[in-house]
1. Which condition number does Arg114 fail, the rest of (1) surrounded by fewer than 18 Cβ atoms within 10 Å (Cβ to Cβ); (2) under 27 Å from Ala169 (Cα atoms); (3) in contact with a Leu (Cβ under 9 Å, 6 or more places away or on another chain) being met?
2. Does any residue of region 207-216 turn out to be surrounded by 11 or more Cβ atoms within 10 Å (Cβ to Cβ), within 30 Å of Gly96 (Cα to Cα) and either of a type outside the set (Gly, Ala, Ser) or more than 20 Å from the chain's Cα centre (by Cα) (or both)?
3. Working only within region 212-241, note down all residues that are among the charged types (D, E, K, R) and farther than 28 Å from Leu162 by Cβ.
4. Can you pull out the residues in region 107-133 that are assigned to a helix (DSSP H, G or I) and touching a residue at least 12 places away in the same chain (Cβ under 8 Å)?
5. Just name the residue that is farthest from the chain's Cα centre (by Cα) out of those in region 86-98 that are buried (at least 20 other Cβ atoms within 10 Å of the Cβ) and not small (Gly, Ala, Ser).
6. Taking region 140-172, which residues are polar (S, T, N, Q), out of contact with any helix residue (DSSP H, G or I) (no Cβ under 8 Å at 6 or more places or on another chain) and under 20 Å from Lys260 (Cα atoms)?
7. Output yes when any residue across region 30-51 is farther than 21 Å from Thr128 by Cβ, aromatic (Phe, Trp, Tyr) and touching a Cys at 6+ places or on another chain (Cβ under 8 Å), and no when none is.
Amino acid sequence: MAKIGFIGMGNMGTAILFGALKVFSKDEILFCAKTMETKRRIYEKTGVEYTDSNAECANKCRYLILAVKPQYYEEVIKGIRYMLTPEHVIISLAPGKTIEELKLEIGKDRRIVRAMPNTPAMIGEGMTGLSCRKEEFSDVELTVVEKLFRACGNVEFVSESLMDAVVCASGSSPAFAYLFIEALADGAVRSGMSRKQAYIFAAQAVKGAAAMVLETGEHPGELKDKVCSPAGTTIEGVAALEEYGMRSAVLKASEAVLKKCREM
């Protein structure tokens with residue numbers, strides 16, 4: 001097994017590293033982070049060795065995850081470009097950076113996988129969209145990449161033209177879900193429930209509803225209809241959400257995310 005390297009130990013890089021340790025041994029992984037404090041903290045938690053520089057990490061690894069923010073890509077790539085070879089499998093987490101753009105920066109013969117995970121990967125409940133030119137990779141390499149991200153949750157391969165849609169559907173949407181949970185809890189608090197209990201009830205309801213969609217395979221609209229008894233409480237709430245534009249607000253939020261992706 002070739003080594004897996006991580007450049008960047010922010011929230012997402014750390015989440016994927018912790019996931020990787022569920023299916024790969026610590027001896028198969030290396031990482032590099034910006035500060036020595038971060039390197040020591042991650043090493044103490046995981047036992048995974050770190051390198052002195054990004055270039056050293058790239059040189060020692062076959063699979064390389066670039067887990068840095070888009071605004072730092074140019075600086076990072078400049079420091080590792082001459083360490084990268086056609087044998088590397090380069091995994092980019094940057095939204096808005098296409099494979100072709102990355103090849104122009106790194107090298108036309110470099111092999112790149114775009115990945116868009118989300119923050120629930122931190123607890124093994126993530127959703128990751130993967131895109132690559134599959135003909136450039138062996139079956140073994142694709143299996144390793146999928147195994148890496150499946151350790152953090154669910155995985156789907158999509159065409160690169162849909163990667164911005166992945167950001168809309170799962171990359172940014174946990175923040176929207178948290179807003180919804182907070183609003184549900186506010187309603188319960190308004191009715192007399194403690195804040196602590198309100199968050200438990202609201203969060204579990206959203207988690208359970210999501211599990212119903214995934215496990216039953218039924219259309220969300222059908223599942224919604226099963227909760228809405230005639231002349232009951234739920235249909236009154238649904239009517240209020242429609243009146244105040246919940247669907248429209250979510251669509252506008254997705255539109256804003258998409259626009260930002262294409263500007264990056």
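1. The number of the failed condition is (1).
2. Within region 207-216 (the criterion being surrounded by 11 or more Cβ atoms within 10 Å (Cβ to Cβ), within 30 Å of Gly96 (Cα to Cα) and either of a type outside the set (Gly, Ala, Ser) or more than 20 Å from the chain's Cα centre (by Cα) (or both)), the answer is yes, since at least one residue qualifies.
3. Asp225, Lys226, Glu236
4. Thr119, Pro120, Ala121, Met122
5. Residue satisfying both the conditions and the ranking: His88.
6. Result: Ser159, Ser161, Ser170.
7. Scanning region 30-51 turns up at least one residue that is farther than 21 Å from Thr128 by Cβ, aromatic (Phe, Trp, Tyr) and touching a Cys at 6+ places or on another chain (Cβ under 8 Å).
Here, each number is a calculation from the coordinates, and none is a lab measurement. From a predicted model like this one, the values you see are computed outputs, not experimental measurements. In this analysis, Cβ positions are derived from the backbone assuming ideal geometry, glycine residues included, and neighbour counts consider all displayed protein chains.
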